[in-house]
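Trainee: What follows is a single structure, and I will ask about it in a moment.
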Amino acid sequence: MIIVLKPNAPAVERDRIITNLEKRGYKIDVSRGDQSTILGIVGDTSVLNPHDLMVNDWIEKVMRVQEPFKRANRAFHPEDSVVDVAGVPIGGRTIQVMAGPCSVETKEQVTGIAKSVKMAGAHLLRGGAFKPRTSPYSFQGLGAPGLDLLKEAKAETGLPIVTEIMSEDMIDRFVEDVDMIQVGARNMQNFSLLKALGRTRKPILLKRGLAATVQEWLMSAEYIMAEGNPNVVLCERGIRTFENYTRNTLDLSAVLAVKKLSHLPVIVDPSHAAGLWWMVPQLAKAAVAAGADGLLIEVHNDPEAALCDGAQSLKPERFAELMGELKGIARIIGRDL
Ligand code: PEP
Ligand code: MN
């Protein structure tokens, strides 16, 4: 349920309404817009009668929120949220690009790629240290030493790091060493991991599950936000369909659906969606045109020798070219890159 206050409602009245509801066991999210303040009520609101609330003259209207996600709901927060990742704002006017290898392999590899994507204009470095592989016999990532190599690449380039977490026992280490924690598609409904990440204040990159609906995806964001962490960025990375020419099917309509239903930023990962490097540039441009707030793109200096996802990785030169092309699209739609 949300309460919309009248435009010039005094702060004491707002606070009085909040205190009364908190005494009844509700949690209140306050969203202050240019025009009015919105109070989002979280809890079992079925027992609240809107007419009882409306006796306060400073309340403009009371509305029930139909969707099961509340804190992620645009009704609770009509303006777009901006998530700050070590000084890089995701969700604002600038389209933010995170780029780097699927997996961290060696110091030379990750630092070299970090330097080239930084030169091309990328804003964040991505790279997996813990890899969720379909086969237990495939390369599983370097693990914790991979985090050290990412830190070295950050020290050399200044690029904040985004990397995937696979289990709760690594949270302290990630909070210490990483700027944005990625929850991969396979863990989108690992609810105990989501809750534990909700108890941190780290920016979380929440990928869409392999076959998750938009609502299931937003409910996963809600798990993180319900524990108190509002810093969630969603990532569309393709979903499983009957089509198998591509690795997954990029669902650009999900970007529009999320923008309508939620205030959270949403970025697109065309690399895992397509699985084919030559599709990545065009899909990236389409994603920006569709309103994505950023992109996640896999880049490798030697895709043929990559230990993971070489087939979908752009070489640094092609990535640099793409950044120029994306600037043109951003300009046309009134955004920066
Ligand atoms: C990745 O980003 O390397 C990854 C494993 O992605 P996803 O979880 O989307 O498959
Ligand atoms: Mn990958």
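The values are calculated or read from the model by the stated rules, or taken from the named source; none is laboratory data. What you see is a predicted model; the values in this text were computed from it and never measured. When we count neighbours, we look across all protein chains shown, and the Cβ atoms used for this are built from the backbone with ideal geometry, even at glycine. Each accessible area value is taken on the protein alone, full model and side chains, heavy atoms only, with ligands, DNA and RNA left out. Shrake-Rupley method; radii C 1.70, N 1.55, O 1.52, S 1.80 Å.
Trainee: Can you tell me which condition I181 does not meet? The list is (1) open to solvent by 10 Å² or more (accessible area, probe 1.4 Å); (2) within 15 Å of ligand 1 (Cβ to nearest atom); (3) outside any helix (DSSP H, G or I), and all the others hold.
Mentor: Looking at each condition in turn, I181 falls short on (1).
Trainee: Any idea which of (1) of a type outside the set (D, E, K, R); (2) within 29 Å of I224 (Cβ to Cβ); (3) part of a helix (DSSP H, G or I) is the one M119 doesn't satisfy?
Mentor: So the condition that M119 fails would be (2).
Trainee: Scan the strands (runs of 3 or more DSSP E) fully inside the range 1-112 and keep the ones with 2 or more residues being more than 25 Å from the chain's Cα centre (by Cα).
Mentor: Per the criteria, 2-5, 59-63.
Trainee: Kindly indicate whether S116 is touching a His at 6+ places or on another chain (Cβ under 9 Å), crowded, with 16+ Cβ neighbours inside 10 Å and of a type outside the set (A, V, I, L, M, F, W, C). Break it down into steps so the answer makes sense when it comes.
Mentor: Working: touching a His at 6+ places or on another chain (Cβ under 9 Å): no; crowded, with 16+ Cβ neighbours inside 10 Å: yes; of a type outside the set (A, V, I, L, M, F, W, C): yes.
For S116, the condition - touching a His at 6+ places or on another chain (Cβ under 9 Å), crowded, with 16+ Cβ neighbours inside 10 Å and of a type outside the set (A, V, I, L, M, F, W, C) - is not met.
Trainee: From the set of residues in the range 192-214 that are part of a helix (DSSP H, G or I) and not charged (D, E, K, R), which is nearest to H272 (Cα to Cα)?
Mentor: Per the stated criteria, the residue is V214.
Trainee: Here is a further query. Could you list, in sequence order, the residues of the range 186-211 that are of a type outside the set (K, R), open to solvent by 10 Å² or more (accessible area, probe 1.4 Å) and either in contact with a strand residue (DSSP E or B) (Cβ under 6 Å, 6 or more places away or on another chain) or within 13 Å of ligand 1 (Cβ to nearest atom) (or both)?
Mentor: N187, Q189, N190, P203, L210, A211
Trainee: Could you list, ordered by first residue, the pairs with Cβ atoms under 6 Å in which the first is in the range 47-71 and open to solvent by 60 Å² or more (accessible area, probe 1.4 Å) and the second is at pLDDT 90 or above and among the charged types (D, E, K, R), at least 6 apart or interchain?
Mentor: These pairs meet every condition: W58/K6; W58/E13; E60/K6.
Trainee: Further, regarding this structure: Applying the selection to the range 90-144, what residues are more than 13 Å from ligand 1 (Cβ to nearest atom) and free of Cβ contacts under 8 Å to residues at least 12 places away in the same chain?
Mentor: E108, S135, P136, Y137
Trainee: Looking only at the range 185-214, count every residue that is free of Cβ contacts under 8 Å to residues at least 24 places away in the same chain and under 15 Å from P132 (Cβ atoms) and tell me the total.
Mentor: Adding up the residues that qualify gives 1.
Trainee: Going residue by residue through the range 216-235, is there one that turns out to be within 16 Å of ligand 2 (Cβ to nearest atom) and open to solvent by less than 40 Å² (accessible area, probe 1.4 Å)?
Mentor: Taking every residue of the range 216-235 in turn, at least one turns out to be within 16 Å of ligand 2 (Cβ to nearest atom) and open to solvent by less than 40 Å² (accessible area, probe 1.4 Å).
Yes/no matrix, rows are residues, columns are (1) polar (S, T, N, Q); (2) within 14 Å of ligand 2 (Cβ to nearest atom):
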residue	(1), (2)
V97	no, no
I113	no, yes
S116	yes, no
M119	no, no
A129	no, yes
P136	no, no
Q140	yes, yes
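Trainee: Against the condition touching a Pro at 6+ places or on another chain (Cβ under 7 Å), more than 16 Å from ligand 2 (Cβ to nearest atom), open to solvent by less than 40 Å² (accessible area, probe 1.4 Å) and at pLDDT 95 or above, how does D251 come out, does it pass?
Mentor: Criteria not met by D251.
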